[in-house]
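Below you'll find the structure, written out as structure tokens, and then a few comments.
Only the coordinates and a few stated rules stand behind these numbers; no lab work does. The structure presented is a predicted model; accordingly, all values stated were derived computationally and were not measured. Quick reminder, even Gly has a Cβ in these numbers, built from the backbone with ideal geometry, and neighbours come from all protein chains shown.
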């Protein structure tokens, strides 16, 4: 409490005494027997009033010590398997060091393809995304004093190059490199590029890159085999100045099916790692494409987003045309997408109605809603509504086709001026409307189906924003492209709805990625979560499939390379589906024999830290402990607290004045 406040309180006491003396003692001849009590009550009331006006306060300062965060991030990919003992020993020494525990709040994480809390170090992850792990740490410890420790061999297989992320990192990261840092003479197939699909009786390109690490002049054979049969062979030379060769050739697609293509290079006499001397890819030979025609009279980013998403599957070809195009273009079309139709689409819808073609209509702010209502389509729209932003809420009971892994949470809103939609045929909403946080009983995205046609309607434009949001979330467009791909597959197929549907890839390019998903509906086409589904691989044991939200999944990551036939069935039912897929013999983590200490060193230096080796654990701890940038910080919190309770003093004033008045009144002093 300040001296000034104390002096004011003393002054208030003297003033209160002075007023009491003046009122009850100065020139008062008849004082009465209650003069002392009345004086005390008056003094209490006056002094309390002055205290309320002065409002004395005192300051309380609390001191706390804020430690810096030490974040230890361990690589658990399979390329670290030979360093398991070293890694565990290094972690134990950090955990048991009292100096570090006293200076830092220590958190432990592990990563392969994503970051998670440290658990059992099984070192079996098939992918390594170092940059993603570092970005996640930066997000968790944003605006906090933090230092990181990266425990890895420095070999990254997916994601952004972490070496260049160092200049952007706000957190200093020390690196500890594990594994063999010796550079050995090595030759490898570093990359193979090809199309996923090829057409029967055509040729498909194979582009491969062969890399050499060494100082000698060597000549090695490179061969390309399709299903075990060598179809190309060439001798290539390398030297101290020639480190890489590009080989490009065309291969005949002479039979329908999945073809395994193996690019191999001969081994060096002194080569340590021969696993990376070959690489497999797969090409599926097909005999036709699904042709999708997008009809639009305007230019809009949605058109490009749809084309990219649909053509992400090379089995599909998208053509964008204006509604007044020659109708001969429509003859080979399997699916029509009518984007923001107006009266100029009259001939387009007439062709669709005449030929009973399936179609997808996207309604936006440039759409002529009255024209659509007059076109005798399977739906009608209410008009006269203002332009609003509309959010889509997923209908998890959707049963037309599998929507596993579909999620539109936190996606940008679409723009729409359409009212409620009504269908003539049976329909099912895929997305429900949500406007300003209110769920409406009106579909945003719905599909109707009758015996002759399938119709999809989306009541909003700017779907391109969903594709961009997908990239922001996942750093790829896969989820959005899969969503549009499944819709395209359903609309372009004339097959009737089935109780059991399965989803899988014909080729899994890496070991540990194989999985099959399935959805099963009861006789009323409602998803049956109580059903017991199983999968049978190559006629073997029936393995139960696990229920995940609104679909079933079989994790086949333990399968070795090869081609597998499978059957998915339902226990107690005669319903079943079969398929076939190929798992390629390629483990990207086994392509590395040496640690990439140079890249780890460059990364740490860019973050103003440095590189260490496991045997330098003591030097590492000493430097970390002595780094003054991460000293504990003493923080003070000043709390200004009122010395008095206003309610209490006001009550005391009222009581004192009331008692004084009653006593004076009772004794005839008033």
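The modelled label-to-label distance between residue 217 and residue 328, using points 7 Å beyond Cα along the C-beta direction, is 6.1 nm. Peptides 359-365, 487-493 ranked from most to least packed by the mean count of surrounding Cβ atoms within 10 Å: 359-365, 487-493. Each 5 Å bin from 0 upward holds the following percent of the Cα-Cα pairs of the range 1-152: 2, 8, 12, 11, 9, 6, 4, 3, 3, 3, 4, 5, 5, 6, 6, 5, 4, 3, 2, 1, 0, 0. Rounded to the nearest 10 degrees, the inclination of helix 84-95 to the longest alpha-carbon principal axis of the chain is 10 degrees.
Counting every C-alpha pair in the range 334-410, the share spaced more than 20 angstrom apart comes to 47%. Computed over the alpha carbons of the range 303-378, Rg followed by Dmax gives 12.6, 37 Å.
Take every DSSP beta bridge whose two residues both sit in the chain; close to 70 percent of them are antiparallel. Beta-bridge orientation, the range 290-492: approximately 55 percent antiparallel, per DSSP, counting only bridges with both partners inside. Stretching the chain fully between residue 658 and residue 17 yields a gain of 228.8 nm (0.36 nm per residue, less the alpha carbon separation). Per the Debye formula on identical point scatterers at the alpha carbon atoms of the range 186-286, with no solvent, log10 I(q)/I(0) at q = 0.12, 0.18, 0.22 Å⁻¹ is -0.40, -0.79, -1.06. With respect to the chain, whose longest principal axis is taken over its alpha-carbon atoms, helix 597-606 is tilted by about 30°. Computed on the Cα atoms alone, the convex hull of the range 453-541 gives a volume of 184 cubic angstrom per residue.
Taking the longest Cα principal axis of the chain as reference, the axis of helix 130-140 is set at about 20 degrees. Report the FRET efficiency, 1/(1 + (r/R0)^6), for residue 182 and residue 527, where r is their Cβ-Cβ distance and R0 is 51 Å, rounded to 0.05. FRET efficiency, residue 182 to residue 527: 0.35.
Taken as Cα centroids, the range 627-666 and the range 105-145 sit 50 Å apart, rounded to the nearest whole angstrom. Here is the size of the range 98-236 from its Cα atoms: Rg then Dmax, 21.5, 71 Å. Spatially, the range 508-570 and the range 169-245 are offset by 35 Å when compared through their Cα centroids. Taking the square roots of 5 times each eigenvalue of the Cα gyration tensor of the range 268-329, largest first, gives ellipsoid semi-axes of 44, 15, 7 Å.
Note on the range 622-670: Cα-Cα pairs beyond 13 Å make up 75% of the total pair count.
Seen from a random direction on average, the alpha-carbon convex hull of the range 341-458 projects onto 7.6 square nanometres. Please report the antiparallel percentage of the DSSP beta bridges confined to the range 68-189, to the nearest 5. Here the share of antiparallel DSSP bridges comes out near 10 percent.
Across q = 0.11, 0.15, 0.18 Å⁻¹, the range 290-492 modelled as identical point scatterers on its alpha-carbon atoms has Debye log10 I(q)/I(0) values of -0.46, -0.92, -1.42, in the order of the q list. Computed extension gain for residue 120 through residue 89, at 0.36 nm per residue and net of the alpha carbon distance, reaches 9.8 nm. Histogrammed with a bin width of 10 Å, the alpha carbon distances of the range 415-564 distribute as 8, 28, 35, 22, 7, 1 percent, first bin at zero. Computed extension length for residue 60-residue 627: 200.8 nm, one decimal, from 0.36 nm per residue of separation with the Cα-Cα distance subtracted.
A P(r) calculated from all alpha carbon pairs of the range 530-670, with 10 Å bins opening at zero, reads 8, 15, 10, 8, 12, 13, 9, 8, 8, 6, 3, 0 percent.
When the alpha carbon gyration tensor of the range 383-442 is reduced to an equivalent ellipsoid, its three semi-axes come out at 21, 17, 8 angstrom, largest first.
Value of Rg to Rh for the range 456-500, rounded to two decimals, is 1.08; Kirkwood radius and Rg both from alpha-carbon coordinates. In the chain, the alpha-carbon atoms span a convex hull of 297 Å³ per residue.
Taking max minus min of the alpha-carbon positions on each principal axis, the range 500-588 gives extents of 45, 25, 17 Å, largest first.
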